[in-house]
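All remarks here apply to the structure that follows.
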Amino acid sequence: MLTREQNELLVRTDPGTPMGRLFRRYWIPALLAEEIPSPDCPPVRVKLLGENLIAFRDTQNRIGLLDEFCAHRTASLFFGRNEECGLRCAYHGWKYDVEGNLVDMPSEPEGSKFKERVKHTAYPCVERGGVIWTYMGPPDLQPPVPELEWMLLDDDQRFISKRLQESNYLQAMEGGIDSSHVSFAHRFNLDDDPMHSGTEGNKYLKADTRPKFEVAESDGGLLIGARRTADEENYYWRITQWIMPWYTIIPPFGTHNPLGGHAWVPIDDENCWAWSWNYHPARPLSEAELDAMRAGDGIHVKYIPGTFRPLANRSNDYLIDRQAQAENKSFSGVEGISAQDFSLQESMGAICDRTKERLGTSDAAIILARRRLLAAVEQLDELDVLPGSAPEHQRVRSTSLLLPRSVPFEEGAQEALIATPGQTFVSV
Amino acid sequence: MLTREQNELLVRTDPGTPMGRLFRRYWIPALLAEEIPSPDCPPVRVKLLGENLIAFRDTQNRIGLLDEFCAHRTASLFFGRNEECGLRCAYHGWKYDVEGNLVDMPSEPEGSKFKERVKHTAYPCVERGGVIWTYMGPPDLQPPVPELEWMLLDDDQRFISKRLQESNYLQAMEGGIDSSHVSFAHRFNLDDDPMHSGTEGNKYLKADTRPKFEVAESDGGLLIGARRTADEENYYWRITQWIMPWYTIIPPFGTHNPLGGHAWVPIDDENCWAWSWNYHPARPLSEAELDAMRAGDGIHVKYIPGTFRPLANRSNDYLIDRQAQAENKSFSGVEGISAQDFSLQESMGAICDRTKERLGTSDAAIILARRRLLAAVEQLDELDVLPGSAPEHQRVRSTSLLLPRSVPFEEGAQEALIATPGQTFVSV
Amino acid sequence: MLTREQNELLVRTDPGTPMGRLFRRYWIPALLAEEIPSPDCPPVRVKLLGENLIAFRDTQNRIGLLDEFCAHRTASLFFGRNEECGLRCAYHGWKYDVEGNLVDMPSEPEGSKFKERVKHTAYPCVERGGVIWTYMGPPDLQPPVPELEWMLLDDDQRFISKRLQESNYLQAMEGGIDSSHVSFAHRFNLDDDPMHSGTEGNKYLKADTRPKFEVAESDGGLLIGARRTADEENYYWRITQWIMPWYTIIPPFGTHNPLGGHAWVPIDDENCWAWSWNYHPARPLSEAELDAMRAGDGIHVKYIPGTFRPLANRSNDYLIDRQAQAENKSFSGVEGISAQDFSLQESMGAICDRTKERLGTSDAAIILARRRLLAAVEQLDELDVLPGSAPEHQRVRSTSLLLPRSVPFEEGAQEALIATPGQTFVSV
């Protein structure tokens, strides 16, 4: 349970909020590279941390991410013309380069110096791993570009999607941290999931629904160990990495299946982007795997065409099928691992009221993640390197493995938790 | 006219409001029994007095009405599994019985005492007359189960429906109290209505549009006498019963037609349930009558399929037909007794601003009903039995009859106002 | 750039606001005469300056514009019966004449004096030029009926339309004042427009995108001169009239094409009516011209059938066509002069935040128009005749003409700026 003040502090990320200030110190996955596929393509709207922005790719393939509203008379640059190395407002022709400089002001007299006095908000962008990343914080405090494992692989080794989640980012991210719900919400679908199929892990998950949780701080966030009984000598451990401020990595099911992970990025206080990726560090994804992911299986979704909103959404009760629920084809009646999660998370309301929750021992990781976020807000001006912001904090893996009962999980899994692109990973 | 403060006091019914405290001292019609038709059927959402609840019927046919949001992490129990005498949250498997006890907490360690410390909000329910009733007030102050006449009859003697009204309950209920509008809003449709057809009453209603109103307090609410001239010696009286806090009984038209009545129950401050029932105390309803009611005639409505929202609603101007209005087929152009009422009531805005109204002599009953509600709020802690809460307050009838001009209506109608299930009623 | 206080002062027009007080001192175009086409036709809803009203035409062709909500119990008079010289509420039959008098109160006893004590809000109306005008201010301060040139012509010399604009009136009106955007937003469509075709003006507009602005106060508002280079000896002047409080007249393109103008009238703070008219002072409009206007060309629009909402609107991104934008068929990708304007204006948000704008020399007219509005608010109680409220302020024309470089535009255009119905106008 949180106080109202703690909850407000955690969920609000608009400009000027404490958590918004923290999040602006990290690189942010802003949009899929394919949303602006080529030089001079149409600009697209992007909303992040409560800020309305416009993204475009200029003639020289540079990426711009500007305040959506023209500095002149606040018309939207969505209607802008992307041409000759800049985005030109459709109202009076003011033209911006990717750095927010006014490079043309054709409505003003020749020789006017006005344009030199205007600077438009522009955030630096990089393209990495099929995603365009931006940094919205103070320029002198910009950290290195992220190096999550999947970003370092060849294009054919990964698949990335994003979807709109109609809730605050925190309740979404808590779902990614929370390993306990897998035994319930996904109980009847573990074998369907392309990432889960044909593994020993499912067997342990279903047999022991009461994992013991051990949580340890990592440099970048948390190591969340969920311990289940495997046999008389061994525990089955599933170890989730939480990397600050919003990444979760799913413990794997066998080494033949791809790995998976998420980022939970605030759009505004009542919506977030749920980013989802699958990758295999040692091989290309197969066509069958890619087809399933494109079709919305596993952690991905089917969309309303032309949008990033899931077909199964709040407005249609997530297409709940009570018959499927009664017949144990789906625990909640909702189809798909992903929709099973976000239907429950969105059902808490746009912003979960954490003054009403009753947390148990299975929520230890959630409690600690909130504490780390609140601590980072408090220490923001003292810390040289924010947890999760350094590449070495990001080059990590989750794992699932059997360990003798006497071996502490951080010790037994130490090697398995380091990402080595090109080499396969540890999983049972 | 009310002051702003009086109006606020009357219309607000959320937890913690004075009127909400009063209403929580009465049994409330919560949902149709057929909405949860059988043991272990899917749970359904119910919102009452601003509280989000979830209703279910357990394996042993007991009815549960719980706070919608799981005590653990506030996910909606709408996605819950109704199985083996309890409703299990789809997120982490917490399971509740109909009394709100945590009967299983599979995410916590075996032997954990945590579940004994958690008690979920649960309201007692009874099923009576095809309706599930709940009591949301202090347990020690729970009144007897209601005994409105139709609740005491055989199933084949009544028909019950509910519909969503997109306005505060009070302006809806005032329509039920207000006998005067019948001569106008329903003027051209009195003969169409299955409850009105072929009676003398219609003749008097149309001939005298200026009834005199005499209102008397009853034990349970008000007796509202509308007096119209019948002939030189007699008055035609239509006597409406208002039973606190929200029941209105329609004066009958002939003894061959069924009786009718309503309950006006707040969903939240801007929406209410309009419950409508027809019944005949002395005979089963005929197939023809039932067919008409199912088709939405009279006080019932046609729905948007799969919902309780009327097909004719605010978003489509209630399918107003100006041609029908011009040709005197409908006074307002809206079709159907029920839609004629709620179209006008909703047109006042979600919450009627009573600081702007100008009440006349025809509004005497409305004025007195408001006063009784406000008085009951004031006396809430002093009264042993709240008006309208005792079965003897509820076993009453409305009536329509001719009385010699010299006879006071309470006296002349005394017998006719008592409900005796099995015996027919008095009406001209 | 404005302060937040200045912006609030300018954009808010509900009852009781300073700008609302100013606007209520002018005649207001309220609805198209054809919306209430004949005596006793159905009443229609009209919202102006934040007030909900109902318009009707009585049996004797008098026009009524009443507070929408019945004085009795606040039901909407939209459902009213328009019959025998009055509008009768469908709830209890109260009947109003066009002056807001209660002429029948059939729910009250015969002989009741109650109806003489009730007076309903009613605004005087006149029908002129195919439009119904109303005056919502203090009766003793009512100015003469407007005499804009098109109002004084024969019916076949003009075409009038209105459309819903989903923004505050001010950012809409600023578009009408702002001559500079024509070279950009409409750049590729100047030749398509029925008002622009086949003229020299287009040539100058495209050649010189950096007009110099000279603005002069007129009796009724502003004269806005946009000066472009024509040749070595002459300037090409486009002179726009702004007539207070909300009229703009478009400078013509040739004398063979019709003239055009607009009124920008607040519905509420987040919506306005954009009135558009074309007219030729010296000849009837041709069938071809009328067909184009009815089809939504030029300053008119295509509608969602049965509404005044444009087919291309905020909810569908104005049907933007990125291909047409890339191929220079439309500067912004939006089709149609009118939609090109309002798409950009609405994109500023429902109420433009003028604390963020950066105005240049091309915005001189906008700056001065705001100043005149603010000054008029300040002097409201001192002025005998408000600027723009007298017929002589309204009988003016915009013009486009070549003038020798040495001639000041007010002097050179003096004659051309006076409206003489029946005589043609000056334009190159």
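The values are calculated or read from the model by the stated rules, or taken from the named source; none is laboratory data. The shown structure was predicted, so the numbers you read here are calculated from the model rather than taken from an experiment. Heads up, the Cβs are rebuilt from the backbone with ideal geometry, glycines too, and the neighbour counts pull from every protein chain shown. Accessible surface is based on the protein model in full, side chains and every heavy atom, while ligands, DNA and RNA are left aside. Shrake-Rupley method; radii C 1.70, N 1.55, O 1.52, S 1.80 Å.
Data for the structure
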{"item": "Extreme residue, positive dipole direction of region A:149-417, given options A:Leu223, A:Ile267, A:Ile320 (C-beta unit charges)", "result": "A:Ile320"}
{"item": "Sparse-neighbour loop sites [GluC sites (Glu not before Pro); region C:351-423; at most 10 other C-beta within 10 Å; DSSP]", "result": "C:Glu382"}
{"item": "Computed over the protein assembly as shown, the ratio Rg/Rh where both radii use C-alpha atoms and Rh is Kirkwood", "result": "1.02"}
{"item": "Interface C:B - total buried accessible surface [probe 1.4 Å, Å², rounded to 100]", "result": "2800 Å²"}
{"item": "Rounded Å value of the spacing that divides the Cα centres of region C:214-268 and region C:409-428", "result": "12 Å"}
{"item": "Links that overshoot a 32 Å alpha carbon limit, given the list C:Lys212/C:Lys356; C:Lys119/C:Lys302; A:Lys119/C:Lys302; C:Lys162/C:Lys329; A:Lys113/A:Lys162", "result": "C:Lys119/C:Lys302; A:Lys119/C:Lys302; A:Lys113/A:Lys162"}
{"item": "Stokes-Einstein translational diffusion, region B:120-261 - Kirkwood Rh over all Cα pairs, 0.692 mPa s, 37 °C, in µm²/s", "result": "188 µm²/s"}
{"item": "Kyte-Doolittle at least 0.0, axis length at least 20 Å by Cα - qualifying DSSP helices, chain B", "result": "B:364-378"}
{"item": "Assigned charges on the beta-carbon of Lys, Arg, Asp, Glu; region B:149-417 dipole about Cα centre (debye)", "result": "620 debye"}
{"item": "Spatially proximal aspartates and glutamates relative to C:Lys115 (Cα-Cα < 15 Å; intrachain offsets below 8 disregarded)", "result": "B:Glu357, B:Asp363, C:Asp97, C:Glu99, C:Asp104"}
{"item": "Cα-projected label distance for C:Leu141 with B:Asp191, points at 7 Å along beta-carbon direction, nm", "result": "5.6 nm"}
{"item": "Calculated FRET value between C:Lys119 and A:Ile367, using beta carbons and R₀ = 41 Å, to 0.05", "result": "0.05"}
{"item": "Gaussian network model of chain C, Cα within-10 Å springs - most flexible of C:Gly20, C:Gly64, C:Gly360", "result": "C:Gly360"}
{"item": "Distance between region C:128-159 and region A:301-322 - C-alpha centres, whole angstrom", "result": "52 Å"}
{"item": "Two-site FRET efficiency, B:Thr209 against B:Glu411, from Cβ-Cβ distance with R₀ of 35 Å, rounded to 0.05", "result": "0.85"}
{"item": "Probe 1.4 Å, protein heavy atoms only - accessible area per residue of the protein assembly as shown in square angstrom", "result": "36 Å²"}
{"item": "Dimensions (Å) - region B:190-314, Cα atoms, principal axes, largest first", "result": "52, 35, 32"}
{"item": "FRET E, pair C:Glu127, C:Arg322, Förster distance 60 Å, beta-carbon r, rounded to 0.05", "result": "0.85"}
{"item": "Ratio of Rg to Rh over region C:27-141 (Cα coordinates, Kirkwood Rh, two decimals)", "result": "0.96"}
{"item": "Threshold 50 Å² - residues in region A:153-184 whose accessible area is reduced by that much or more when the chain is no longer isolated, probe 1.4 Å", "result": "A:Phe184"}
{"item": "Computed [θ] at 222 nm, deg cm²/dmol, chain C (DSSP H ≥ 4; -39,500 (n - 2.57); rounded to nearest 500)", "result": "-5000 deg cm²/dmol"}
{"item": "Total charge dipole magnitude, region A:27-141, about the Cα centre, Cβ charges on Lys, Arg, Asp, Glu only, Debye to nearest 20", "result": "220 debye"}
{"item": "Summed side-chain charge close to B:Ile366 - residues other than B:Ile366 whose Cβ falls under 9 Å, Lys, Arg +1, Asp, Glu -1", "result": "-1"}
{"item": "Percent breakdown of C-alpha pair distances by 20 Å bin, ordered from the shortest bin, for chain C", "result": "25, 56, 17, 2, 0"}
{"item": "Spatially proximal aspartates and glutamates relative to B:Lys47 (Cα-Cα < 15 Å; intrachain offsets below 8 disregarded)", "result": "B:Asp14, B:Glu35, B:Asp67, B:Glu68, B:Glu166, B:Asp268, B:Asp269, B:Glu270"}
{"item": "Cut-off 13 Å (backbone N to label point 7 Å along Cα→Cβ of A:Arg294), residues of region A:157-181", "result": "A:159-160"}
{"item": "Dimensionless Rg/Rh of region C:110-170 - Kirkwood Rh, Rg from C-alpha atoms", "result": "1.15"}
{"item": "GluC sites (Glu not before Pro) within region B:162-250, DSSP loop, no more than 11 other Cβ atoms inside 10 Å", "result": "B:Glu232, B:Glu233"}
{"item": "Average Cα contact separation per residue, chain C, under 8 Å, 6 or more apart, as relative contact order %", "result": "19 percent"}
{"item": "Carbon/sulfur fraction of accessible area - region C:27-141, other protein chains in place, 1.4 Å, %", "result": "46 percent"}
{"item": "Threshold 50 Å², region C:67-94 residues less accessible with all protein chains present than alone (1.4 Å probe)", "result": "C:His72, C:Arg73, C:Thr74, C:Phe78, C:Phe79, C:Arg81, C:Ala90, C:Tyr91, C:His92"}
{"item": "Part-to-part distance (alpha-carbon centres) for region C:22-41 and region A:77-95, which is given in Å", "result": "40 Å"}
